[in-house]
Amino acid sequence: MSPVNGFDFTLADILFRVAPPSRVRAITPPDEFALFLTPPGPRVPDAAYSTRIVDTRLPADPGEGVFWDNGIWRTRVKASDRIEIEIYDARVSCWRTAAHCSGDFAGGDLLVADEAPALSPSRPLYHPQDRAVILGRICRLGGVMMHSSCVLADGKVMLFVGMSGAGKTTLGRLWREYGGILLNDERNLLLPNGRGVTAGASPWHGEENQVNPATGPLAAVFFLNQAPSNTLRAMELSESLPRMLTAAFVPVFIPDGAAATLEACAAVLEAVPAYELNFTPDVRAVELCRSILRT
């Protein structure tokens, strides 16, 4: 993407802002964020980050406070209600700090390696730091990221949840053939808002290689099973909540991340109906789901 003097992007109606560092003219958003970039406006962002140039020769603080570590990246919780994201740099065999964030991920500094000429554009969001920051903020706002397929049709959003091979991508393709908009077939965002649930895609797609930045009100959650015939069964919260949790991206890298995800999933399922959908991979499954939208 072309360099810019800071950029805003919106995911599930959550506005993020990234400001450039003073030492360079511009920063470059990740290519996968292109569809989600938002023109500057008067709205106050839900999260705002600064970009800071750092010396890559300086390793992360070896002190105490590591909260979570998977060997590739880790988080450190500071007493001042601050969370640091660190990435292991295999080139020099040490940990580097990638971001300093407030405890609620509403603000902080994104750290960029001081390796390019001073006036070259820098990329302040990169994997896995970008996903950690975004997932952390969504969690603290009461939302959740789901391993799911998300379709917008007739002004409403449907979420299709299932294990790998259950048919999420298949249903997304069917809906697209019959007038629906596939938002994302891999990772989608849900944000309860007091009036219902706002649903939208993340920038990270699955095998369908398609992302659409549209958002809309979530109308229903469908838990999928491929079957010889099409049936739809309403589910109680006690049954749907455990199944939803198995498909949620839980931010285990922050304190109370699992508990917050449980609360977010419960809030979603209390706001919208959930169904078990046994389906055949043809238009009859689409019509069965569409019958729910008409009610």
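The values are calculated or read from the model by the stated rules, or taken from the named source; none is laboratory data. Note that the coordinates shown come from a computational prediction; the quantities given were computed from them, not determined experimentally. Ideal geometry is used to build each Cβ from the backbone, glycine not excepted, and the neighbour counts take in all protein chains shown.
A compact table of results
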{"read-out": "Spans of strands (runs of 3 or more DSSP E) in segment 69-181 with at least 1 residues more than 21 Å from the chain's Cα centre (by Cα) and of a type in the set (D, E, K, R)", "value": "73-78, 82-89, 94-102"}
{"read-out": "Whichever residue in segment 242-256 is outside any helix (DSSP H, G or I) and free of Cβ contacts under 8 Å to residues at least 40 places away in the same chain and, among such residues, is surrounded by the fewest Cβ atoms within 10 Å (Cβ to Cβ)", "value": "ASP256"}
{"read-out": "Single residue of segment 266-284 satisfying the filter (among the hydrophobic types (A, V, I, L, M, F, W, C) and out of contact with any Ser or Thr (no Cβ under 9 Å at 6 or more places or on another chain)) that is farthest from PRO242 (Cα to Cα)", "value": "VAL283"}
{"read-out": "Candidate set from segment 138-189 (those that are surrounded by 24 or more Cβ atoms within 10 Å (Cβ to Cβ) and of a type in the set (S, T, N, Q)); member that is nearest to ARG243 (Cα to Cα)", "value": "SER148"}
{"read-out": "Qualifying residue in segment 215-232 (condition: within 18 Å of ILE134 (Cβ to Cβ) and within 21 Å of the chain's Cα centre (by Cα))", "value": "yes"}
{"read-out": "Residue among ALA259, ALA219, ALA227 that alone is over 30 Å from VAL66 (Cα atoms), surrounded by fewer than 20 Cβ atoms within 10 Å (Cβ to Cβ) and among the aliphatic types (A, V, I, L, M)", "value": "ALA227"}
{"read-out": "Any hit, segment 76-88, residues being small (Gly, Ala, Ser) and touching a residue at least 24 places away in the same chain (Cβ under 8 Å)", "value": "no"}
{"read-out": "Any hit, segment 272-282, residues being within 20 Å of the chain's Cα centre (by Cα), surrounded by fewer than 19 Cβ atoms within 10 Å (Cβ to Cβ), part of a loop (DSSP other than H, G, I, E, B) and not assigned by TED's automatic domain parsing to the domain that holds ARG131", "value": "no"}
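Residue by residue, here is whether (1) at pLDDT below 95; (2) closer than 16 Å to ILE134 by Cα; (3) touching a Pro at 6+ places or on another chain (Cβ under 6 Å) holds:
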site	(1), (2), (3)
SER2	yes, no, no
ARG25	yes, no, no
THR28	yes, no, yes
LEU37	no, yes, no
ARG52	yes, no, yes
SER93	yes, no, no
ALA116	yes, no, no
